[in-house]
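Undergrad: Before anything else, here's the structure in question.
The values are calculated or read from the model by the stated rules, or taken from the named source; none is laboratory data. Nothing here was measured: the structure is a model prediction, and the numbers come from that model. Quick reminder, even Gly has a Cβ in these numbers, built from the backbone with ideal geometry, and neighbours come from all protein chains shown.
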Amino acid sequence: MTAIGSAGASVNRPFDPGIANAGRVGCVFDHNPLRPDDVKSTLTPVQQGEALREAAKTKDTPSTATDFAIPKTPANAPSQIRFSPDVQKVFDAQWNASFPGGKSLEQGATLTFEKKTNTVGVQNVGGLGSTSGSFSPDTTLKDPKKDALLGVFHTHPYDKTEGGHTGVSLSGGDAAYMINGKQNVIVAQSGTQQFMFMRTAKTPASVDFAKVDAANNKRIGDLMAKGDDFATASRTAARETAVKYNLAYYEGANGVLNRISPK
Amino acid sequence: MAFLTAFHQNKLAILGVAPVILSSCAANSSGVPLPVVAAKGSTMDLKMVRQHVDAASVANDQRRFADSIAQSRAAIKAMGDTYRSANQIDDTGMKLTLAEAEAAKGNMETAAAMLLRVAKVRAELVQLKEPAAR
């Protein structure tokens with residue numbers, strides 16, 4: 001794991017620009033040009049942060065690190081997240097690399113941001129290794145002075161022998177990894193569809209990995225037994241897991257993800 | 001099955017698995033079946049897992065999908081959560097859920113292939129965690 005935020009900050013802390021979580025465990029991001037301290041306003045820090053977040057956004061502008069800052073609640077999370085075309089190219093390349101020899105093999109990379117510019121980027125493509133159902137991210141930053149950790153991107157491939165499913169959302173294991181790893185987001189791509197959990201200040205600091213994963217999988221199984229297809233069931237379960245753990249949940253494609261939960 | 005030790009037969013019975021001759025340990029150079037000797041410790045547990053996985057693989061190749069499923073389930077059950085690492089994104093549970101849903105629908109070939117894949121992946125992850133168990 002890598003350090004995020006102000007100099008001397010310890011490792012394994014979620015990125016927190018101080019907009020919504022004063023006093024909460026997490027690093028203060030001292031490179032944020034939109035930091036409330038820099039703005040003369042009568043608005044509360046939370047209101048300032050959200051207003052600035054919205055104001056800084058135009059339709060096609062990629063989201064910056066500010067957009068990935070830990071919101072106070074799921075409802076305070078950005079309504080939309082846009083990854084840059086360069087980042088999206090990496091996502092698509094990773095998806096296209098997820099079926100070597102026709103067999104599923106998860107791929108992924110580490111999501112970072114440049115402290116100076118707030119630009120979101122990708123490092124450590126391929127991570128430390130993967131299997132058809134797991135990915136080991138490499139969260140060691142290439143230049144910790146310059147960059148900071150946001151989270152992890154990975155793919156959810158299902159080859160022909162597994163039914164060739166696409167549109168398969170985040171697992172309970174994904175949620176637990178992000179929460180316990182103190183990361184801000186986790187993103188998955190399955191076909192052209194993309195999914196993201198974003199932690200909030202209301203999210204527990206840690207969870208029982210096995211319990212979260214098992215509950216999510218049970219819900220998928222129950223939904224399938226009632227007739228839902230696998231992908232649909234996975235999305236419903238992911239949305240419900242997000243509610244349970246106070247995460248914001250996003251779905252989208254081509255690098256544009258809209259908040260699905262809360263609506 | 002006389003070559004199996006009582007201990008091992010008991011282990012298989014606990015897992016609800018019919019013992020089978022395994023391809024990887026079925027015979028020595030003389031072609032005589034070798035006993036599977038179970039012992040305490042994770043290394044031996046992993047051996048048992050490998051035996052189930054091998055048996056599942058053989059059964060799958062022979063299109064005995066019900067047998068393959070039973071062997072893969074036994075391997076997965078034997079491993080439990082031991083394959084997990086905190087620094088790893090684990091989606092194998094979703095694949096397992098899908099495999100079981102396919103089995104429930106009677107799609108045995110798909111279920112067998114997926115369960116075998118999950119069992120192999122988790123065994124591989126156990127090995128990565130415990131190199132000494134190789």
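Undergrad: Surrounded by fewer than 21 Cβ atoms within 10 Å (Cβ to Cβ) and in contact (Cβ under 8 Å) with a residue 60 or more places away in the chain, is that true of residue A:116?
TA: yes
Undergrad: Considering segment A:78-117 alone, what residues qualify as being out of contact with any Phe, Trp or Tyr (no Cβ under 9 Å at 6 or more places or on another chain) and polar (S, T, N, Q)?
TA: Passing the criteria: A:79, A:84, A:88, A:96, A:98, A:112, A:117.
Undergrad: Further question on the same structure: Please specify each residue of segment B:62-95 satisfying the condition of being part of a helix (DSSP H, G or I) and within 7 Å of chain A (Cβ to nearest Cβ).
TA: B:92, B:93, B:94, B:95
Undergrad: Also, I was wondering about something else. Since residue B:60 meets every condition but one in (1) closer than 28 Å to residue A:109 by Cβ; (2) modelled with pLDDT of 95 or more; (3) surrounded by fewer than 24 Cβ atoms within 10 Å (Cβ to Cβ), which condition does it not meet?
TA: (1)
Undergrad: Being touching a residue at least 24 places away in the same chain (Cβ under 8 Å) and either touching a Ser or Thr at 6+ places or on another chain (Cβ under 8 Å) or at the interface with another protein chain (Cβ under 10 Å from one of its Cβ atoms) (or both) narrows it down to one of A:256, A:212, A:207, so name that one.
TA: The match here is A:212.
Undergrad: Still on this structure, please answer the following. Output yes when any residue across segment A:217-234 is out of contact with any strand residue (DSSP E or B) (no Cβ under 8 Å at 6 or more places or on another chain), in a loop (DSSP other than H, G, I, E, B) and at positive phi, and no when none is.
TA: yes
Undergrad: Kindly indicate whether any position in segment A:108-124 is closer than 16 Å to residue A:187 by Cα, within 12 Å of another protein chain (Cβ to nearest Cβ) and in a loop (DSSP other than H, G, I, E, B).
TA: no
Undergrad: Can you go through B:123, B:111, B:99 and tell me which one is touching a residue at least 60 places away in the same chain (Cβ under 8 Å), assigned to a helix (DSSP H, G or I) and within 11 Å of chain A (Cβ to nearest Cβ)?
TA: B:123
Undergrad: Applying the selection to segment A:99-131, what residues are closer than 19 Å to residue A:257 by Cβ and of a type in the set (S, T, N, Q)?
TA: A:107, A:110, A:112, A:118, A:119
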